[in-house]
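Presented below is the structure to which this report refers.
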Amino acid sequence: MSGTHLGMPAFPEAARAAVRDTTLRGNLRHATHTIRAKRAAAVAEVSDWAELREAGRRIKDHTLRHLDRYLEQVEASVTAAGGIVHWAADADEANRIVARLVRETGESEVVKVKSMATQETGLNEALADEGIHAYETDLAELIVQLGHDRPSHILVPAIHRNRGEIRDVFRSEMGSWGRPAPDGLTDTPAQLAEAARLHLREKFLRAKVGVSGANFVVAETGTLVVVESEGNGRMCLTLPETLISVVGIEKIVPAWRDLEVFLQTLPRSSTAERMNPYTSMWTGTTDGDGPRVFHLVLLDNGRTDTLADEVGRQALRCIRCSACLNVCPVYERAGGHAYGSVYPGPIGAILSPQLRGTGSALDASLPYASSLCGACYEVCPVAIDIPEVLVHLRERVVRGGPAVRGGDRVVLRPARGHAAERAAMRAALWALARPGALRTGQRLASRTRRFHPRTLPGPGRAWSGTRDLPPVPAEPFRDWWRRTGGGADGTRGAAR
């Protein structure tokens with residue numbers, strides 16, 4: 001997606017370095033456990049949470065099945081309301097459109113609302129190449145930008161930083177981006193927030209162009225919705241003369257009434273709030289109120305390819321709440337940077353390989369960045385079965401096969417490094433399809449169990465190095481079943 005991540009190592013290598021960083025692990029453990037507990041309490045307050053979750057799933061699935069129709073409706077509705085719609089097939093086209101629109105205003109700087117889509121396209125870097133300065137205004141995004149860092153969490157991009165580190169970043173970097181940090185700045189939250197407010201206020205009042213994403217786009221009215229907790233988004237959406245919104249095509253909902261579901265499930269799943277402190281909605285342009293010019297850039301960038309996958313398309317339901325990250329044992333220990341994407345954690349492990357393909361070592365490794373514990377599915381407010389998609393993508397990595405890339409049907413080649421796995425699966429398929437051979441193999445394994453090693457040799461060490469091999473029973477299950485009549489004689493286990 002963003003050029004920032006090109007050349008990153010595969011997930012196991014990147015995670016190996018991350019898990020040795022005790023400060024990082026401490027920051028992540030404290031933050032994720034806190035958010036997780038608050039989310040559980042907020043969800044428990046809603047008696048019909050299961051029904052809301054199912055409603056969200058159905059709305060999203062319906063929209064994806066009829067996405068062509070709703071995209072045309074969005075274009076018509078936004079245009080009728082005074083907006084201008086642009087279509088971007090990929091990240092480069094989206095960046096070119098935004099850069100051109102900014103240049104046409106004669107401005108050389110923009111203020112930005114937190115946006116995963118523009119991070120995905122690498123918009124900030126593309127604008128910088130055009131001599132345009134993009135200023136992040138979300139507090140966590142500001143910390144990341146000032147620290148010359150990368151986001152590591154969907155909701156809290158600077159989750160890997162503690163207060164002391166943030167204080168040091170503000171002291172050393174704020175002056176080169178605008179108003180410097182106050183003298184004597186400490187790491188107390190109130191002082192850090194006030195330093196950010198003073199720094200950003202002058203940018204809000206000066207900026208003529210704002211750039212945003214959107215949490216939702218309502219097809220029937222052309223309304224865009226941004227939910228946030230700080231108020232910076234509303235400043236960016238209302239003060240500039242020109243507003244440019246870059247939105248993934250999967251963010252559409254059919255009707256205004258559909259927002260009722262997501263405005264209940266999103267805040268509780270993300271910030272553990274009953275409702276977001278700021279919910280901003282705008283429809284086109286209105287004389288004397290808000291921006292005078294509004295542009296909507298609809299971004300594909302691999303989403304249509306993902307939609308063509310009957311199993312993987314459910315990743316497009318995602319409403320970017322980050323609940324799956326906060327319960328994931330792998331994310332908690334490895335952090336977000338190891339995923340090499342603006343979408344870290346379980347959702348990133350299934351979304352990034354579909355948007356980008358599995359051609360690189362990094363993307364081929366992401367479906368394996370999971371223990372398949374299923375906690376991510378349990379907390380997902382739109383019921384994305386992430387473990388199912390992970391297994392599906394693992395099969396694609398190992399076996400290759402048909403897929404859609406760039407709108408064309410292709411046959412993917414198996415990824416490198418999985419020859420032993422393919423051979424093992426072929427052997428298992430052969431044995432499971434032949435009961436006699438399976439029975440012979442089970443009996444042989446039982447009779448030679450005294451000689452079995454406790455760890456696996458060769459590549460198998462990666463598996464058995466952190467867990468014990470399961471012991472082979474003294475008697476195969478089928479033999480026990482036949483001998484005991486299915487346990488009818490009271491036998492509970494192997495007798496020999």
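A few notes on this one:
- The residues listed here are R434, R461, R426, R422; of these, the one that is in contact (Cβ under 8 Å) with a residue 12 or more places away in the chain and either under 25 Å from T304 (Cβ atoms) or open to solvent by 30 Å² or more (accessible area, probe 1.4 Å) (or both) is R422.
- T223 under 29 Å from the mean Cα position of the chain (by Cα), within 30 Å of L316 (Cα to Cα) and open to solvent by less than 10 Å² (accessible area, probe 1.4 Å): yes
- Residues (within 19 Å of T118 (Cα to Cα) and open to solvent by 20 Å² or more (accessible area, probe 1.4 Å)) located in the stretch 318-343: R320, H337
- Scanning the stretch 68-112 for residues that are within 26 Å of I132 (Cβ to Cβ) and either basic (K, R) or modelled with pLDDT under 95 (or both) turns up R96, R100, R103, K112.
- Selection count, the stretch 371-403, where residues are modelled with pLDDT under 95 and open to solvent by less than 30 Å² (accessible area, probe 1.4 Å): 5
- Qualifying residue in the stretch 226-245 (condition: open to solvent by 10 Å² or more (accessible area, probe 1.4 Å), of a type in the set (D, E) and not in a loop (DSSP other than H, G, I, E, B)): yes
- The set of residues from the stretch 98-115 being outside any strand (DSSP E or B) and either in contact with a Leu (Cβ under 8 Å, 6 or more places away or on another chain) or under 28 Å from S322 (Cβ atoms) (or both) comprises V98, A99, V102, V113, K114, S115.
- Test: residue in the stretch 76-97 that is assigned to a helix (DSSP H, G or I), surrounded by 19 or more Cβ atoms within 10 Å (Cβ to Cβ), more than 22 Å from the chain's Cα centre (by Cα) and touching a residue at least 24 places away in the same chain (Cβ under 8 Å): yes
- Evaluation of L362 against (1) assigned to a loop (DSSP other than H, G, I, E, B); (2) more than 11 Å from the chain's Cα centre (by Cα); (3) surrounded by 24 or more Cβ atoms within 10 Å (Cβ to Cβ) (one fails), failing number: (1)
The values are calculated or read from the model by the stated rules, or taken from the named source; none is laboratory data. Since this is a predicted model, take the numbers as computed values, not measurements. Note that we place each Cβ from the backbone using ideal geometry, even for glycine, and neighbour counts take in every protein chain shown. In case anyone asks, the SASA skips ligands and DNA or RNA and just uses the protein heavy atoms, side chains included. Shrake-Rupley method; radii C 1.70, N 1.55, O 1.52, S 1.80 Å.
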